[in-house]
Amino acid sequence: MIAFLDLRAAYLELKPAIDAAVARVTDSGWYILGPEVEAFEAEWADFCEARHAVGLANGLDALTLALRALDIGAGDEVIVPSNTYIATWLAVSGVGAVPVPVEPDPATHNIDPARIKAAITPNTRAILPVHLYGQPADMDAILDIARAHGLRVIEDAAQAHGARYKGRRIGAHGDIACWSFYPGKNLGALGDAGAVTTDDPDLAERIALLRNYGSRRKYVNEEAGVNSRLDPLQAAALRVKLAVLNDWTERRRTIAATYAEGLAGSDLTLPHVPDWAQPAWHLYVIRSPDRDALQARLTEAGVGTLIHYPIAPHMQAAYAHMGIAADALPIARQLAGEVLSLPIGPHLTAEDAQAVVRACRA
Ligand SMILES: *Cc1c(COP(=O)(O)O)cnc(C)c1O
């Protein structure tokens, strides 16, 4: 049996160091923010080639607080991909703004810059690209449009830990990048965790304020914030895992290369990687018009797969009130019916990857 994901294996590989880090926090008597969170923030900013990082409770809060810090809310529109994980849309609607979907380039699965202009209205405030499956979106094209129309750029980087766009790490290409450290992400905590990175000191400061009840000084509240602080226990575990992130990303790259080579020439559509992209390979997503049958065969052969994502956001009951017809976003709809994620992660051996190739080809 080849598991799609094995979080326990990832923990066991680092068990002594993670257990020691957790013990360091429990022994310290300091359980909210403090030195462990600050150390992780500094290390994460450095890794992302960004000036600032602010640790938060999860990735959805990172997106939400990024929007709030840019004063985006009721009456505003934010351009989002039509084929993302629903959290991207939920952050926008959660602050009272309207998510305006734009279709992806089906080859890369990322938002198609050529389609963005047509979606801009006088109410548009920001573009929110997602580096889907760990492959960077075409940031220069997106930033050109944003500059020409006076829009902000918020990156959903929840799947892109360590990815590079034109040689530079994802982290501060746009105004602000939003991270999730949900356990299954490339850098995963032992529970929920998240962060933002940015080169803008004012944005970083505003988010640090918002995450802590709008308070810099205890019992002095400058604005109506929330409680979305990164837990020091999670920060301590993340620091251990950050130290091996480059190695683990390299393992993902090797698996992706095995799949690309082994499945070339098959009737499966493989991920297209533009020459300026260095993906983090959070997911290895293939496409087949016969997806459900393929998934069933792989399950029978002992290969675990998942679908990211089976229902496009505009077809979810959560967004029925927007009244977007199912076929108004045909690419998102089609991708949802054809995508299949093969196992990828630090737990997978070279033999496992070859076995997945054989099962796909059988
Ligand atoms: C995981 C994820 C999120 C949300 O992160 P949480 O930490 O689960 O809140 C947002 N956007 C994308 C693209 C994600 O994959």
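The values are calculated or read from the model by the stated rules, or taken from the named source; none is laboratory data. All values derive from a computational prediction rather than experimental measurement. Heads up, the Cβs are rebuilt from the backbone with ideal geometry, glycines too, and the neighbour counts pull from every protein chain shown. To get the accessible areas, we keep the full protein, side chains included, count just its heavy atoms, and leave off ligands, DNA and RNA. Shrake-Rupley method; radii C 1.70, N 1.55, O 1.52, S 1.80 Å.
Some points to look at:
- Annotation for residue 254 and residue 354: the two label points, set 7 Å from Cα along the Cα-Cβ direction, are 1.3 nm apart.
- Between the alpha-carbon centres of segment 22-38 and segment 163-188 there is a gap of 25 Å.
- Point-to-point label distance, residue 121-residue 267, nm (Cα→Cβ direction, 7 Å offset): 4.3
- Accessible area in square angstrom per residue, the chain, 1.4 angstrom probe: 42
- Carbon/sulfur fraction of accessible area - the chain, other protein chains in place, 1.4 Å, %: 52
- Cα gyration tensor, segment 259-362 - rounded (a/c under 1.5), prolate or oblate: prolate
- Euclidean distance between Cα centres, segment 215-255 to segment 315-362, Å: 28
- Estimated FRET transfer efficiency (residue 15, residue 200; beta-carbon r; R0 45 Å; 0.05): 0.75
- Protection proxy ranking, peptides 64-71, 318-325, average beta carbon neighbours within 10 Å, highest first: 64-71, 318-325
- When each of the peptides 217-225, 129-137 is scored by how many other beta carbons lie within 10 Å of its residues on average, the order from highest to lowest is 129-137, 217-225.
- Segment 160-302 shape via C-alpha gyration tensor axes, a/c threshold 1.5: prolate
- Over 23 Å [Cα-Cα, segment 103-224], rounded percent: 39
- For segment 161-171, Karplus couplings with θ = phi - 60° (6.51, -1.76, 1.60), whole Hz, Gly/Pro x: 4, x, 5, 10, 10, 6, x, 9, 4, 5, x
- Temperature 10 °C, viscosity 1.306 mPa s: under these conditions the Stokes-Einstein estimate for the chain, based on its Kirkwood radius over C-alpha pairs, is 76 µm² per second.
- Theoretical gain in end-to-end length, residue 246 to residue 362 [0.36 nm per residue, Cα-Cα removed]: 38.4 nm
- In order along segment 240-256, the phi-based Karplus estimate (6.51 cos²θ - 1.76 cosθ + 1.60, θ = phi - 60°) of 3J(HN,Hα) comes to 5, 6, 4, 5, 10, 4, 4, 4, 5, 5, 4, 4, 4, 4, 4, 5, 4 Hz; Gly and Pro are listed as x.
- When peptides 249-257, 100-108 are sorted by average Cβ neighbour count within 10 Å, with the highest value leading, the order is 100-108, 249-257.
- HN-Hα J in Hz across segment 117-123 - Karplus 6.51, -1.76, 1.60, θ = phi - 60°, x for Gly and Pro: 3, 5, 8, 7, 10, x, 8
- Cα-based reach from residue 185 at 29 Å (exclusive), listing lysines while leaving out same-chain residues under 8 positions away: 15, 166, 241
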